[in-house]
1. Being of a type outside the set (K, R), open to solvent by 90 Å² or more (accessible area, probe 1.4 Å) and modelled with pLDDT of 90 or more narrows it down to one residue among Q59, Q131; which is it?
2. When you go through (1) open to solvent by 30 Å² or more (accessible area, probe 1.4 Å); (2) more than 16 Å from the chain's Cα centre (by Cα) one by one for E244, which number turns out not to apply?
3. Exactly one of (1) over 19 Å from the mean Cα position of the chain (by Cα); (2) open to solvent by less than 30 Å² (accessible area, probe 1.4 Å); (3) of a type outside the set (D, E) is unmet by Y199. Its number?
4. Among the residues of segment 16-53 satisfying the criterion of being open to solvent by 90 Å² or more (accessible area, probe 1.4 Å) and touching a residue at least 40 places away in the same chain (Cβ under 8 Å), which is farthest from W245 (Cα to Cα)?
5. Just to be sure I understand the filter: pairs with C-beta atoms under 6 Å, separated by 6 or more residues or on different chains, first member in segment 70-82 and of a type in the set (V, I, T), second member open to solvent by 60 Å² or more (accessible area, probe 1.4 Å) and in a helix (DSSP H, G or I). Which pairs pass?
6. Counting just the residues of segment 247-282 that are farther than 20 Å from H5 by Cβ, open to solvent by 20 Å² or more (accessible area, probe 1.4 Å) and aromatic (F, W, Y), which one comes out farthest from the chain's Cα centre (by Cα)?
7. Where residues in segment 149-193 are within 19 Å of L220 (Cβ to Cβ) and β-branched (V, I, T), which of them is surrounded by the most Cβ atoms within 10 Å (Cβ to Cβ)?
8. In segment 233-269, how many residues are farther than 30 Å from T37 by Cα and of a type outside the set (A, V, I, L, M)?
Amino acid sequence: MSAYHYLISGLPDIAIDDRMPPYSTMEFKDILSEYLTKTDTYLFELLLLEIDNKNLLEQIKHPDYDLLDGGKFTFEELDVLITGVQADLDRTKDHNVYIDGVYDAYDDSQFKIKRFKNRIKNKYMPAYFEQFVRMYLEEAKFEDEISISWEDRLSAMYYDFAVKSANEFVASWSELNLNIKNIFTAITCRKYNLNREKYIVGHTETSNQLRLSAACDFDLSETLGDLVPALMGIAEERDFLQREWKTDLLKWEWLDDRIFTKVFEIDYILAYLLKLQMLEYWSNLDKHKGEEAFRQLMGTISMSSHHSLEEFILMTAQKQ
């Protein structure tokens with residue numbers, strides 16, 4: 001494993017209640033470009049796939065969407081995927097012809113055949129991209145008003161993909177997030193009497209337990225420890241922003257615990273990226289949602305950043 005003593009020594013300290021990150025995600029990416037090995041660059045880009053997730057979902061919903069900076073895949077590449085999957089779903093119609101993996105789709109607005117020269121398959125795209133697009137195009141118009149958000153479903157599919165990483169830190173981080181997404185999903189399904197088997201993602205022991213268990217804690221407290229009561233407490237929070245904040249706090253503490261003994265390794269750099277993304281999200285919320293609302297949120301819950309996970313669980317238990 002490569003050591004990054006000089007690079008990490010120069011990084012400014014950051015805390016979850018910082019108002020502004022010292023770098024944007026893209027600035028940090030540029031800084032790292034001259035330091036990271038090829039293997040570590042792949043790990044860094046694997047974490048940045050969340051940007052492509054957002055771009056993919058928004059482009060399906062809004063074809064004229066301007067992509068977020070920093071994604072790996074271009075508008076054209078995502079468009080080929082989306083239109084190709086749609087053509088595949090419509091291939092039984094007279095105006096669609098499928099030839100050796102290449103689609104000719106009739107363009108009604110132009111009264112001509114539009115050739116998709118690229119195949120749906122893109123060897124650089126993770127398989128869950130096509131799986132998600134197909135699921136969305138088949139199911140979105142039939143979804144009930146009360147359901148699991150498409151953003152959460154795509155995110156869970158991403159973490160199910162990343163959990164297979166050979167890097168222990170990335171795999172553990174992805175497993176944590178997959179468990180968080182699935183536990184929140186299971187709680188929502190239980191609340192609204194939805195089919196858990198349809199929405200729980202992954203084939204881990206925890207995923208299978210969440211599909212089947214009727215226990216209050218899904219029989220996971222023994223294996224996941226403090227995570228389960230913490231998430232059940234967060235799930236009861238009615239304010240969406242507070243729920244997000246407390247979830248990020250839990251993740252931040254997990255990152256601190258994981259890199260405590262790995263100060264000059266790639267794990268520290270990956271954790272720093274993840275923390276920057278959290279700070280970037282909250283600083284952008286400050287800009288877009290309004291200064292006053294953000295200050296109220298921070299004033300209400302900023303003290304939470306000074307509590308340990310055990311103290312946080314105690315606080316949520318006292319509210320019940």
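The values are calculated or read from the model by the stated rules, or taken from the named source; none is laboratory data. Given the structure is predicted, the values throughout are model-derived calculations rather than measurements. Cβ atoms come from the backbone with ideal geometry, glycine included; neighbour counts cover every protein chain shown. To get the accessible areas, we keep the full protein, side chains included, count just its heavy atoms, and leave off ligands, DNA and RNA. Shrake-Rupley method; radii C 1.70, N 1.55, O 1.52, S 1.80 Å.
1. Matching residue, one of Q59, Q131: Q131.
2. Condition not satisfied by E244: (2).
3. (1)
4. Out of the qualifying residues, it is M20.
5. Nothing qualifies.
6. Ranking the qualifying residues of segment 247-282, first place goes to W254.
7. I183
8. Total satisfying the criteria: 12.
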